[in-house]
Amino acid sequence: MISGIDSASFAQQLVAAERMGKDQLYSTKLSTSNAQLDAYKLLETHLDKISSKLGKIDGESFEKKTASITDDAAKITVDPSAPKGNYTLEVIELAQAHQVSTTFGTEDELLTDAGITGSLSIQLGSDAADIVTLDLDTLNADGKMTVADLRDKINAASDNPGVTASLMRTGSSVQLLLTSNETGIENTLDVQIDKQNDGNPEAFATTQIEAKDANIKLNGVEITNSKNYLEDVIDGVSIELNQAHSINASTGERETSTIKIDSDYDSSKDSVIAFVDSFNDFIDSINNLTRSMGSTVLDETRSTSSSSSSDSDDTDDDDEEEFKTTAVSEDQIGVLKGDASLRMLQSNMRNVMFQTAPNGMRLSDIGIEINRSGKLDIDKDKLTEALKSDPDAVKAMFSDSGSYVEQLETITKPFTQTAGLLDMKESNLDAQIKRIENDMSQFDYRMNQKYQIYLAQFNAMNNTVNALSAASSLFSQNNQNS
């Protein structure tokens, strides 16, 4: 008789043989469901990207303006409301902040030694409320306040109206400088000291830099401003002045700059190109996910997308990175081949590209054609030419009622909206994955129960064999003794 068998090993082998087919079935179901779920999420990302590109084409990209200036006299910023045109700018004078000073021997000189007592008042502009008054007799009761301390007291005063005190060291003396924080004549400083507090103040400082308003001419119209930043001087146009124009020695006239405001064609072109790239990427993804294509085809698709992106000098790095993270992996190829709704979506989106825009133009008129693979090719030179020759017509193709953007949004909305088709498919797959995982857990439990049964049976058999072996040995021994 055989005795001393490994009960656990025999039980494990029996259970492994029994569960092999089921384990493979569950693994295949779970792998397929997860792959499908990831695939739908990938498509959702692509559709969100297309929606984002459509939003830019339909809105801001065609509204943007660009501004240039022929010299460094000013910096021009514009928003979409700025009217297109050319403007002549003559910068006569920049705005300046008022600065006054008074001279002391050193920064450690005591105010009492310099004869600075009583009340010091600093008035900013004409508003009587914009004043700070320092009672030096109180602040300097111990007579130890220095020039540097006075600077600090002025800067720290809670009712400082907008003046900065600083020290300038000349080598032989120190000047206490008081400078208005804002430029312009309206921010002139009036600094007085009443040494006896008897109501007879005197000037405390002399002017170092005169307060001035900015003075320019725009198309011959004179404009003054307290600041060097002229906001909305024309609708949507702001000018930041850098320097005054010089007088031409030969003509005796002041130099001028030319400001040019135009549509931002590059922004419009980039948005159209970005949309084409995202459209093609989406078509590639549906092709890969809905039919069994070999890895060679996938590699060709990636190569085409890569070369298309490299041809676009204007595609930004963020979009490039986004394309990389939404590529179809090889184990996802054909995972959605039974989904007819995706094929219909793909077909409907392609059909829109063949349609005529409400203004009678076609995509081919601006350099966009559909190739044999169903993707879009773009002639950037033709697109640029169309934008420059008639930007309003190109804009209308993407923004008017019934435009390409509106048609594509109508087609994709059932898929992208909350509780839409993609959400439903993903929700169903989530539920399916949970059911499979639950079935696997229950199956594991049943197999463990069987293992325990097999283990108990083998242990019982092992015990029986051992008992029989012991009895047989005893019987043989008795026979020998007799």
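The values are calculated or read from the model by the stated rules, or taken from the named source; none is laboratory data. Quick caveat: nothing in here was measured; it's all calculated off a predicted structure. So basically every Cβ, Gly included, is an ideal-geometry build from the backbone, and we count neighbours across all protein chains shown. What goes into the accessible areas is simple: the full protein's heavy atoms, side chains included, and nothing from ligands, DNA or RNA. Shrake-Rupley method; radii C 1.70, N 1.55, O 1.52, S 1.80 Å.
Taking a straight line from the alpha carbon of Lys153, these lysines sit under 27 Å away, with near neighbours fewer than eight places off in the same chain left out: Lys144, Lys195. Residue order by solvent-accessible surface for Thr133, Thr70, Thr418 is Thr418, Thr70, Thr133, largest first, with ligands and nucleic acids left out and a 1.4 Å probe. Rounded to the nearest 20, the Cβ-based charge dipole of the range 355-399 about its Cα centre (Lys and Arg +1, Asp and Glu -1) stands at 160 debye. So how far, in whole Å, is the C-alpha centre of the range 156-210 from the one of the range 403-482? Going from one Cα centre to the other spans 87 Å. Classified by the C-alpha gyration tensor, the chain has an oblate form. Its axis ratio a/c, with a ≥ b ≥ c, is 1.5 or above, and a/b does not exceed b/c. Taking 28 Å as the straight-line reach from the Cα of Lys75, the lysines in range (excluding those fewer than 8 positions away in the same chain) are Lys56, Lys64, Lys65, Lys84, Lys212, Lys217, Lys227, Lys260, Lys269, Lys388. Here r is the Cβ-Cβ distance between Glu231 and Glu437 and R0 is 60 Å; the resulting FRET efficiency, rounded to 0.05, is 0.45.
Rounded to whole Å, the principal axis extents of the Cα atoms in the range 18-77 read 86, 24, 11, largest first. Under 19 Å of direct C-alpha separation, and excluding same-chain neighbours fewer than eight residues apart, Lys434 reaches these lysines: Lys22, Lys29, Lys41, Lys425. For the range 65-146, the set of trypsin sites (Lys or Arg not before Pro) satisfying both a DSSP loop assignment and a count of at most 10 other C-beta atoms within 10 Å is given as Lys144. One decimal place: the segment Asp72-Ser347 gains 93.6 nm when fully extended, by the rule 0.36 nm per residue minus the C-alpha distance. Computed in the context of the full set of protein chains, the accessible area of the chain at 1.4 Å probe radius has 46% of its extent on carbon or sulfur. Counting 0.36 nm for each residue step from Ser166 to Met424 and taking away their Cα separation leaves a gain of 86.0 nm. Based on the convex hull around the alpha carbon atoms, the range 64-147 presents an average projected area of 10.9 nm².
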